[in-house]
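Working notes for the structure below.
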C-alpha cells in the first residue's frame, strides 16, 4: 500500500509524520527492518484480538488504513493538523472514511472519548519532551491492551549511519529527543503498565502491556 508521506514538514518547529517513505523504500536495509516491525506488530495485534483500535500518533495513517482494510475497527489521532490532513487524503485514496482521523495531543487523551480495547502508540515517545506525562495519559484510555514501541538505542542511530543518513547528528533521526535502551524502556513502562510480551524487531523495542 503506497501512501503520501509528510516528508519532513514541520509544525510549530517539530518534524511531523515520516521524513521519508519507509513503507515504500527500495533500500534493502529499510525493507528488512520494516518487515520485522510489521511482523512483530501484527503478532501482538492478533494476540490482543481487539474489537476496537485507537492508534495514537498515527502519522499519515498507514496502519489505521491497513487494519480497516483487514476488517478491524481502527481510528487514528495525531497532534499535527498537517499530518492528519495527509492521513485523510490517504483514506480517501484508499476508499476509507477520512473521519477516522482526527487531531489530538497525547496529553489531552480523555477516557470517555478516546478509549479503545487496544491502544497503539508506536514511534511517539521518543519525540516527546515529557514521556512520563504521556504514559499517564495512556493509562486513562487503555481498556485491555497497549502496544507501545520506541527505537532501541544506540542501535537505531548506528543503522542510520550504516545507510549514510543523518550523518551530522550521528545517526539521530530529526525530532528524536528521547533515547532508550531496551532495558531502560522496559523499566520506564513497567512503572505504568504490566508488560505481557516483549518484541525486539531490529531496531525497536515493542511491548504488549495491560493496565496495572
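Summary table
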item	result
Enumeration of residues in the range 25-48 that are under 17 Å from the mean Cα position of the chain (by Cα) and in contact (Cβ under 8 Å) with a residue 12 or more places away in the chain	30, 33, 34, 36, 37, 39, 40, 41, 43, 44, 45, 48
Residues (farther than 24 Å from residue 8 by Cβ, in contact (Cβ under 8 Å) with a residue 24 or more places away in the chain and either out of contact with any strand residue (DSSP E or B) (no Cβ under 9 Å at 6 or more places or on another chain) or assigned to a loop (DSSP other than H, G, I, E, B) (or both)) located in the range 49-71	50, 51, 52, 69
Lone unmet requirement of (1) more than 14 Å from the chain's Cα centre (by Cα); (2) within 17 Å of residue 55 (Cβ to Cβ); (3) surrounded by 14 or more Cβ atoms within 10 Å (Cβ to Cβ) for residue 154	(2)
Residue that is nearest to residue 10 (Cα to Cα), among those in the range 80-99 that are in contact with a helix residue (DSSP H, G or I) (Cβ under 7 Å, 6 or more places away or on another chain) and either buried (at least 21 other Cβ atoms within 10 Å of the Cβ) or touching a residue at least 60 places away in the same chain (Cβ under 8 Å) (or both)	90
Residue 120 vs. criteria surrounded by 18 or more Cβ atoms within 10 Å (Cβ to Cβ) and in contact with a strand residue (DSSP E or B) (Cβ under 7 Å, 6 or more places away or on another chain)	yes
Count of residues meeting criterion [part of a helix (DSSP H, G or I) and in contact (Cβ under 8 Å) with a residue 12 or more places away in the chain] in the range 174-209	5
Some residue of the range 2-22 being more than 25 Å from residue 129 (Cα to Cα) and touching a helix residue (DSSP H, G or I) at 6+ places or on another chain (Cβ under 6 Å)	yes
Criterion violated by residue 18 - all others in (1) in contact with a strand residue (DSSP E or B) (Cβ under 9 Å, 6 or more places away or on another chain); (2) outside any helix (DSSP H, G or I); (3) at pLDDT below 95; (4) surrounded by 18 or more Cβ atoms within 10 Å (Cβ to Cβ) satisfied	(1)
Count of the range 1-24 residues which are free of Cβ contacts under 8 Å to residues at least 60 places away in the same chain and closer than 19 Å to residue 121 by Cβ	3
Filter result (in contact with a strand residue (DSSP E or B) (Cβ under 6 Å, 6 or more places away or on another chain) and surrounded by 16 or more Cβ atoms within 10 Å (Cβ to Cβ)) within the range 199-212	199, 203, 204, 205, 206, 207, 208, 209
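The values are calculated or read from the model by the stated rules, or taken from the named source; none is laboratory data. Here the structure is a predicted model, which means the values were calculated and not measured. Quick reminder, even Gly has a Cβ in these numbers, built from the backbone with ideal geometry, and neighbours come from all protein chains shown.
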